[in-house]
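Trainee: There's a structure below that I have some questions on.
Rule-based calculations on the coordinates, nothing more; no lab input. Quick caveat, the model's predicted, so the values are computed rather than measured.
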Amino acid sequence: MIDVVFLALSFFAIAGGVTMLLHKDPIYCALGLLISVLSVAGLFALLSATFMFMVQIIVYAGAIMTIILFILMFLNIRAEDLPKEPRKNILVTLGVIFMIPVNLLIMEGVTRLPDADMSITNKDGFGGIHALGMKLYQEWLLPFELISILLLVALVGAVVLAKRREKKKGINNV
Amino acid sequence: MSSLTGYAAVSMILFSLGAIGVVSRRNIFVIYMSIELMLNGINLFLVTFARYHFNMDGQIMSIMVIAIAAAEAAIFLSVIILLFKTKKSLDTNMFTQLKEEVK
């Protein structure tokens, strides 16, 4: 049963990624990425990372994908704004050929690891919000604070970049 | 099938699709989405090994990656808006202000 769910989720994740890679229209690319992100959230749930499942859906599928779709519609992109990509298929084929050895190397390393139980578990609240929060605030406090500073800097930077506009003469020259 | 090898294979394929998208596409939106797909593959790898070792440090690193992806989304999309306003194009070959002049 778990195998069937795993196969379906991984199929959708990879199919969404391939759609994003090959489609010309950015809206369809965004929808393919959305399918991929949701399937990865399902895989997190299969790995008994319940809090990560929630975060993935809220942050990725909720916030980031909404921003991407919003910006796509806000910019009002027409067909003539899209770049012409005459050599796309050749470049994709070359990229696949170049990525195969890296994948084979990593798979070779992973298959040599001893087998372990990967079933869904809830022992000691593994992956739950309580255990994860205790770990985050006790052992990972400094990285957590640094990440919060990074998010603040990114917020200020985004506001500064997006707010820049030509000054009108006479008014609003504060 | 749903063993360590299966999850590692899926995450490596997602990462590779993202890397191929970054080098082969010219639409700046698709390049951004490819970066997101690469981060997703890495997240899946981290969470897989967190389950494999029954240790939640991998999940915490994955949360850090998601936070960095959110920060990157804000900056990247505002830069895309600025670039589109000045050049009226999504083609990365148009954005060559820092490139050396070829004579």
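Trainee: Using Cα-Cα distances under 8 Å and only pairs 6 or more residues apart, what relative contact order does chain B have, in percent?
Mentor: Over chain B, the number comes to 27 percent.
Trainee: Mind listing the phi-derived Karplus ³J(HN,Hα) values for region A:138-144, rounded to whole Hz, using 6.51, -1.76 and 1.60 with θ = phi - 60°, and x for any glycine or proline?
Mentor: 9, 8, 10, 5, 5, x, 4
Trainee: Moving on. With n ≥ 4 as the cut-off for DSSP H runs, can you work out [θ] at 222 nm for chain B, using -39500 (n - 2.57) per run divided by the number of residues, rounded to the nearest 500?
Mentor: Calculated at 222 nm, the ellipticity per residue is -26500 deg cm²/dmol.
Trainee: Please turn the phi angles of region B:69-79 into ³J(HN,Hα) values with the Karplus equation 6.51 cos²θ - 1.76 cosθ + 1.60 (θ = phi - 60°), one per residue in order, whole Hz, x for glycine and proline.
Mentor: So the J values, rounded to whole Hz, are 5, 5, 4, 5, 4, 4, 5, 4, 6, 5, 5.
Trainee: Roughly how far apart, in whole Å, are the Cα centres of region A:58-92 and region B:1-23?
Mentor: So the separation of the two Cα centres works out to 22 Å.
Trainee: Can you list the HN-Hα couplings for region A:93-104, worked out from phi with the Karplus curve (6.51, -1.76, 1.60; θ = phi - 60°), rounded to whole Hz and with x for Gly and Pro?
Mentor: Those phi angles translate into 4, 4, x, 4, 4, 6, 7, 4, x, 4, 4, 4 Hz.
Trainee: List nothing, just return the count: lysine pairs in the protein assembly as shown, 8 or more apart or interchain, with Cα separation under 15 Å.
Mentor: 4
Trainee: With n ≥ 4 as the cut-off for DSSP H runs, can you work out [θ] at 222 nm for chain A, using -39500 (n - 2.57) per run divided by the number of residues, rounded to the nearest 500?
Mentor: Roughly -22000 deg cm²/dmol at 222 nm, from the helical runs in chain A.
Trainee: Could you work out the relative contact order of chain A? I mean the mean sequence separation of Cα pairs under 8 Å and 6+ apart, divided by the number of residues, in percent. If you can, show how the numbers build up before the last one.
Mentor: Details: 97 pairs, mean separation 32.1, N = 174.
So the answer I get is 18 percent.
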